[in-house]
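The values are calculated or read from the model by the stated rules, or taken from the named source; none is laboratory data. What you see is a predicted model, and the numbers here were worked out from it, not measured in a lab. Heads up: the accessible areas ignore ligands, DNA and RNA and are worked out on the full protein's heavy atoms, side chains in. Shrake-Rupley method; radii C 1.70, N 1.55, O 1.52, S 1.80 Å.
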Amino acid sequence: MTLYRDSAVVLRTHKLGEADRIVTMLSRQHGQVRAVAKGVRKTTSRLGGRLEPFMHVDLQFAVGRTLDIVTQVQTLDPFSLSLGGDYGAYTAGTVMLETAERVVPEDSEASLPQYQLLVGALRALSERRQPAGQLLDSYQLRALAIAGYAPSFGLCARCGTPGPHRNFHAASGGILCDRCRVPGSSAPSAPTVALLGALLTGDWESVATADDRSLREATGIVNAYVAWHLERSLRSLAHVDR
């Protein structure tokens, strides 16, 4: 039996047979992994509580024919404990998990930056470092940037002309100058464009000065950008408390 170890964040689970679960995880060394956790739905299982969404764990796997098998689990960060009692943080975290699952395809190569970004975002969310909605918007922009879809909020996304510009078009990659503007572009306010750039770079001092209107407008733009590049809206987004 071939064994290996890795650390991972549990993204989701679903039932298998009478007592098992298939666990989908974003791992440090192997990208997105799906593995079988045998017997975890039994009341006597010592692994079940450690293999729930949001848990950051160290695992041992046995290589299987179709799916690998979880044989050992050690908790690193029990993020589910700190997020479960806060609806806003929990729903924002759920969207983070779904985003991670979508931007890192199954059976892809390891993506250490995506893994580190998700762990850092869940830690910031559990420690309430910033409002949950702002952390979510920042996480999604950064996750897409790591995946190769970095939006431009300064230079024109088409011709590279320095801004500031006021035309946003998701399919074009971000902000456009007036000359490159295409039909269907939105026209966010200048403070919103500046806020989007701050969310992308993690400039939390600038984010803290944003007004409610800019925050709402920025969230709408982030949602549109994510939906375009992931080719559909995230199901968990409907439950987020804004």
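Quick look at the numbers
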read-out	value
GNM result for the chain, Cα springs below 10 Å: residue of THR209, THR13, THR192 fluctuating most strongly	THR209
Rounded if a/c under 1.5, otherwise prolate or oblate - region 100-215, Cα gyration tensor axes	oblate
Heavy-atom accessible area per residue - region 84-242, 1.4 Å, Å²	48 Å²
Accessible area in the full protein assembly, largest first, 1.4 Å probe, for SER233, SER7, SER186	SER233, SER186, SER7
Cα-based shape type of region 14-135, given that a ≥ b ≥ c are square roots of the gyration tensor eigenvalues and the cut on a/c is 1.5	oblate
Residues whose placed amide H lies under 5 Å from that of LEU234, excluding near-sequence neighbours	none
Rounded percent of accessible protein surface that carbon and sulfur make up, the chain, 1.4 Å probe	50 percent
Over the chain, relative contact order from alpha-carbon pairs under 8 Å, at least 6 apart, %	16 percent
For region 1-63, accessible area per residue (1.4 Å probe, heavy atoms of protein chains only), Å²	48 Å²
Structure-derived percent of Cα pairs over 32 Å apart: which label, when the choices are (1) 30; (2) 13; (3) 26	(3)
Phi to ³J(HN,Hα) by Karplus 6.51 cos²θ - 1.76 cosθ + 1.60 over region 146-160, Hz, x for Gly, Pro	5, 6, x, 10, 5, x, 9, 10, x, 6, 4, 5, 9, 10, x
³J(HN,Hα), Karplus 6.51/-1.76/1.60, whole Hz, each residue of region 48-55, x for Gly, Pro	x, x, 8, 10, 10, x, 5, 6
Whole-angstrom gap from region 135-172 to region 103-129, using each part's C-alpha centre	20 Å
Region 11-89, relative contact order [Cα under 8 Å, separation at least 6], %	23 percent
Length gained when the stretch GLN29-GLU106 is fully extended (0.36 nm per residue, less Cα-Cα span)	26.4 nm
